[in-house]
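First comes the structure, then the notes that go with it.
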Amino acid sequence: MRCWLKIEEMALEELMQRLNAVSQCADEIMHQDIIPLYAADIQDQLKKQFAYLSGGRGGDGCPVITFPDYPAFSEIPEKEFQNVLTYLTSIPSLRDAGIGFILVIDRRQDKWTSVKASILRIAASFPGNLQLVLVLRPTGFFHRALSDIAFRFNKDELKMKVPIIMLGSVSELQGYIDKTQLTEDLGGTLDYCHNRWLSRRTAIEGFAQKVKQTAQILQSFGTELAETELPNDVQSTSSLLATHTEKKDKMKEDIRVAVEQGDDILGSITKPVTENPDYKLNQDQLDNQTTVERLLAQLHETETAFDEFWTKHQQKLEQCLRLRNFEQNFREVKAALDIVSERLSAFTDVGNSRSHVEHILKDLANFKEKSDEIVTKAKMLASERDAFIQSNHYAVDSIIPKCSELHHLCDAFTTEIERRRKLLNKSLELHDLLEKSMKWCDEGIYLLASQPVDKCQSQDGAESALQEIEKFLDTGAGNKIKELNKIYEEYAHILNEDLKDHVQKVFQKQESMEEMFQKRQVSLKKLAAKQTRPVQPVAPRPEAFVKSPCTSPGLQRENMSNSESSALRRVNYRKAKSETTELHQSRGGSTMDDEENLAVLRQHVMNELIETERAYVEELLCVLEGYAAEMDNPLMAHLIPPELQNKKDILFGNMEEIYHFHNRIFLRELETYVEYPELVGRCFLDQMEDFQIYEKYCQNKPRSESLWRQFSDSVFFQECQRKLDHKLSLDSYLLKPVQRITKYQLLLKEMLKYSKNCEGAEDLQEALTSILGILKAVNDSMHQIAITGYDGNLNELGKLLMQGSFNVWTDHKKGHTKVKDLARFKPMQRHLFLHEKAVLFCKKREENGEGYEKAPSYSYKHSLNMAAVGITENVKGDAKKFEIWYNAREEVYIVQAPTPEVKATWVNEIRKVLTSQLQACREASQHRTLEQTQSLPLPLPASSCASPSRNHIRNTKKTEEKKADLTSLEGCGTTVAPKYPEKGKGWAKPSHSLDASEENDGWSSAEEALNSSDAEEEGAGGAGEIKLTPGKYTVVTDYDKGVSEEFTVKSGDLVQLIREGEDGLWFVKNLSSGREGWIPASNLLMLIGNSKSAQSLSSSESGTASSNLSTSSSCSDSCNVSSTSFSDIKG
């Protein structure tokens, strides 16, 4: 470093010397070192032309200065006169000026008095050497004679250092100066233009100043470059290098412009010669050419000196930048090596089993594979040492130790990881030995337990058993631990306390097993000896569980030690499971095992649920603290783009609300069920309403993702990610809530699979259904927020129940005309949204973009009020079609679902909406009737209010049937003709919302208008009750609480009325199952007839052209004359 500074100082000193020489030389060339006067300074004085240097020369090369006839010569200020003469005498070369000047004073048009004054003034003020003064005297006769006489009398007064020659004519002048050296006004041929001369002198002097200024600027710039302190970081060094390079380029551009300026001046001087080779430059022009050429040479010298200095300075900066890059990479690599070394130090566990060791070895291999990239990078960085040395880097003394340190760290890390691998391999070897020993012991114990005791009582059986034992013991050479001390010595560097205890226990087990074999051998050898009398073997009792190979407890105690019997008892379960399966099943063991297995699986799912829940809560907290909180941190504010500020709520949505719910409530509740996993469904059901917060989060997700994509490259997010040491960026964590809410249903399905016969199975099933419902609601809401063009508040339409895409045909009544054969028209593609109060028809429009921005949007077309909607379940010819009709089939929409299953789901959901509307109307009517009853002066008996008598109902009904053409379905007050809401009041007009092309393709006039029943039913006493009418009814709601426990009906079942009972119960027969039982009349809807093309609510008695019936229920003013239509769904 010191050597480099010395070299740089020497380079700067050399540059300063060379540039000083250029400045001095420029002054010398222009004679500014003697007389610092420029033509530009006295340009106005020179323009008066009372004296000029024409460029002519005398016989010996003396410069000629001409004083032309100038009437106001005497009026020229002395200062101006001195400046012009001084400047003119400084132009010729020092050699020519040393010879002396020839003055030509032209006073041919002047008076003698003026001539005298001019000569005296010139003689007194001329600053240079004079060789000769030539005066052209006045040409007038009188003044000429006077001048001759006066000159003789005043000769002494006019006496100068040089002779003064009075000339009478130009021809006499040419006798002293050659004609070619005189200007045209003096009768010569010298080409001279004073303005051109002045312009050229100004240009040459300006160029000379430019050369001098360039040298001085480069001096200052060189000093600035040399004195600049080198930065300590890469970015500053790069910026400094770029700044200096930019300034250097500007300097080079200024030099280039100066050179062009000099070349232009030189070209203008030599232009006459270029145009005419015979043209000869006068001495003044030749002097100008020489001057410019010398100045250009100095300028080139300036450029050369600066280029040499810049090369050295640039090399210094580039080496500095390379050094800073090396230092930064060194810090990063060293930090990475420290991290991997620290992580490597965590691999201290030698494993507690073979599988554990294999797992650690696998982790170590993966760790080594990931670390190899860092080690390779470190080695490559260390290998740059030679390149630094070869390039004579100024900081090589500080680079070499760092490279050596990297080599040392890499070698140490590689050595350590290899040592760890060898230790684990040694541990694996030890665990192999231990497992072999344990397996050998287990096989030995099993052998002892499996030898048939009754067969061992004979001599042959005992000898056979002995041979089996001896053969088995021979296999122990390569399987058992021979000497414990050698094991301790060989594996001392990996034996910790736990592993040492494990080795000791295995060795003790091995010794116990060998001791058992020895005792068994002793017993068998006694039995194998020649017996004097036979021994009757005793078979084990069949009802006893086989626990040993001995014939009886007495023989067991005699031939086996306590340790052997205890070891045999340890394998009884496995032996019994493998050899006495039937006995085990007879004792219920298999069922118990299955239940235990299911319990283990349930516990596994529960553990996964709780562990992943804890991890999820931690991740949410990490995001909220590491990102969201940092957006409010003043110290991080400078990193946040202005467009991102104050948009935390958009980016993170209600994640904080989700975190508090899971951390404070749900996780704690889950942990209380850790011992009862099969009951965890209750936990979900208790908190199900709180899970609705995910709908808000998912609805905000498109805005969040769009905002993230705009600023994902922000330094703020990168800094937060670096602080958190996250491998994944923020967008991965913003997706966690979406992933989590979908994970619950998978875990619940898994738990339900293992809990089918448990107490909480129903809760699990309900929780799963509820979670799936939430997921569906979330998905539906994501589609709902994409609706555009709806003039109103979608929230006022009630809960969104269903959404999906369908083919739709229209069949609208318009006058008495209609378009037939609708199948030949192209259907409209519509996306339907079913709410509690309306069904919306929208057109799906695909959007371009990425992620959530690629989701489609839905252009609103029209809507139908559910209070005036009816459905026809089946359309002839297509099982996937159904009808939605409006205002008594004034508008009919034939809807084709993608599959029959989708159709059935939609039909059922619409039916539920219509049924709920009817139920609400019925309850409102009953409530109104009750209020009217309570307000009478003489209240009726309770029995007549609660349950009208059958005869009373029949009498009332008989009177009303004479007035009505249709059978009323409801007895909830006065029934009137349906009054449908007018379109345009809260609901968009569908006919005006259709596209023109689609109207031509997809709609036509419908059939004649339907005349609904106008009959009015009176008798408030029967309000709120169903009128008994024999016939078939359809069940509108499920019912399973009949008098007979086995009698249940479901929504859509067809039943036959048999008789009426008390308290509003009817005795019916389920035509689907054939069972009979009691059911509330309010659960039934009368079946009037069947449509030819569909199964729907219809009236065969009304005689109208329509096959569908719109059933209206007027609930007086409290019901707001709401009209509800239903489809009859046959079971």
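The values are calculated or read from the model by the stated rules, or taken from the named source; none is laboratory data. Everything numeric here is computed off the predicted structure, so don't read it as measured data. Neighbour counts are summed over all protein chains in view; Cβ atoms, including those assigned to glycine, are modelled from backbone coordinates with ideal geometry. Keep in mind that these areas ignore ligands, DNA and RNA; they rest on the heavy atoms of the full protein, side chains included. Shrake-Rupley method; radii C 1.70, N 1.55, O 1.52, S 1.80 Å.
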| field | Semi-axis lengths (Å, descending) of the ellipsoid that matches the C-alpha gyration tensor of segment 320-428 | value | 35, 11, 9
| field | FRET efficiency, Asn195 to Thr274 (Cβ-Cβ, R0 30 Å, nearest 0.05) | value | 0.90
| field | Cα centroid separation - segment 85-142 against segment 723-748, whole Å | value | 103
| field | Long-range amide H partners of Leu182 with built H, under 5 Å | value | Thr189, Leu190
| What is the extension gain from Thr245 to Arg668, computed as 0.36 nm multiplied by their sequence separation minus the C-alpha to C-alpha distance, in nm to one decimal? | 145.8 nm
| Ordered by packing density, taken as the mean number of other Cβ atoms within 10 Å over each peptide's residues, highest first, how do 693-704, 348-359 rank? | 693-704, 348-359
| remark: In whole percent, the fraction of accessible protein surface over segment 260-347 that belongs to carbon or sulfur atoms, probe radius 1.4 Å, stands at 47
| field | Cα centroid separation, segment 421-485 to segment 601-658 (Å) | value | 58
| With each pseudo-label sitting 7 Å past Cα toward Cβ, what's the Ala904-Lys486 distance in nm, one decimal? | 7.5
| request: Beyond 19 Å between alpha-carbons counts as too far, so tell me which of Lys696/Lys837; Lys647/Lys696; Lys439/Lys482; Lys334/Lys368 fall in that bin. | output: Lys696/Lys837
| remark: FRET efficiency (Leu621, Leu772; Cβ distance; R0 25 Å; to 0.05) is 0.35
| query | According to a simple spin-label model (label point 7 Å from Cα along Cα-to-Cβ), what is the distance in nm between Glu750 and Arg845? | reply | 4.4
| query | Any idea how far the Cα center of segment 495-521 sits from the one of segment 677-720, in Å? | reply | 56
| For Leu834, net neighbour charge (Lys/Arg +1, Asp/Glu -1) across residues whose Cβ lies under 11 Å away | 0
| Between Gln518 and Gln216, what is the spin-label point distance in nm, taking each point 7 Å from the Cα along the Cα→C-beta axis? | 11.3
| query | In a shell of Cβ-Cβ distance under 14 Å around Lys250, excluding Lys250 itself, what net charge do Lys and Arg (+1) and Asp and Glu (-1) give? | reply | -2
| query | What is the local net charge at Tyr676, summed over the other residues whose Cβ is closer than 13 Å to its Cβ (Lys, Arg +1; Asp, Glu -1)? | reply | -4
| request: Return the FRET efficiency for the residue pair Arg722, Ser404: r is the Cβ-Cβ distance, R0 is 30 Å, and the value is rounded to the nearest 0.05. | output: 0.55
| query | Among 601-610, 717-726, how do they line up from the highest to the lowest mean number of other beta-carbon atoms within 10 Å? | reply | 601-610, 717-726
